[in-house]
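Data block below; observations after.
Read-outs: derived from the displayed coordinates by stated rules, not from any lab. Computed from a prediction, not measured in an experiment: that's the story for all the values here. Positions of Cβ are backbone-derived with ideal geometry, glycine not excepted, and every protein chain shown enters the neighbour counts.
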Amino acid sequence: MNFIATKLEGCFIIEPKIITDDRGYFMESFNERTFQNGIGQNVHFVQDNQSFSSKGVLRGLHYQVGEHAQSKLVRVLSGEVLDVAVDIRPSSKTFGEYVSVILSAENQNQFYVPKGFAHGFLVLSETATFFYKCDNFYNKESEGGILYNDQTINIDWSLADSEFIISDKDKIQPTLNNARKAW
């Protein structure tokens, strides 16, 4: 696996080593030792989640606060998404900045989003199956969110707003400046 640091400290794009032959391919999608060595942290995942969505579905920007904060390792099993992480660590030099990456079944890349980041994704293909590992259990009372089109963050989602399919909950999330503090 190849671990590529992003401009946001702690976020990594992970390129797998894919072995192909006339039968298809093989890849190791996760190895705790390799992963921890690659990111330089001890992270232990406790929950796997999976979602299926249609083109234009935008999920996010979400995070968990306090003792329930979560790190996530995300990937796409089918289709293609634009995946986004936003730095919400108040003392960070990149607070309010984001990084985006294309994740697809074709490239098999993964994206590590540590605690202290809001996360979301937009489905670019007709459908997509999205998979993520979390290092902490979900806790409804610890939910936080940021409006997907907050002008201070100014995320380039690569599709027009008119193409988005967004939950009522995500349409009314607060801006970054008014969001629930992660710490």
Check: Given only helices, namely DSSP H runs of n ≥ 4 each adding -39500 (n - 2.57), what is the per-residue ellipticity at 222 nm of the chain, to the nearest 500 deg cm²/dmol?
Finding: -1500 deg cm²/dmol
Item checked: Space enclosed by the convex hull of the alpha-carbon atoms of region 110-176, per residue, Å³ -> 133
Item checked: Cβ-based charge dipole, the chain, positive-most Cα from ILE172, PHE121, SER100 -> ILE172
Check: Using a simple charge model, +1 on the beta-carbon of Lys and Arg, -1 on the beta-carbon of Asp and Glu, nothing else, what dipole does the chain show about its Cα centre, in debye to the nearest 20?
Finding: 460
Item checked: Leading residue at positive end of dipole, the chain (Cβ point charges), from GLN151, MET1, GLY79 -> GLN151
Next item on the list: Compute the signed sum of charges (Lys and Arg +1, Asp and Glu -1) over the other residues within less than 9 Å, Cβ to Cβ, of GLY116.
Entry: +1
Next item on the list: Count the net charge of all other residues whose Cβ sits under 9 Å from the Cβ of LYS55, scoring Lys and Arg as +1 and Asp and Glu as -1.
Entry: -2
Next item on the list: Evaluate region 1-106: find the radius of gyration of its Cα atoms, find its Kirkwood radius, and give the ratio Rg to Rh.
Entry: 0.96
Checklist line | Estimated Rh, the chain: Kirkwood, alpha-carbon pairs, angstrom | finding: 16.7
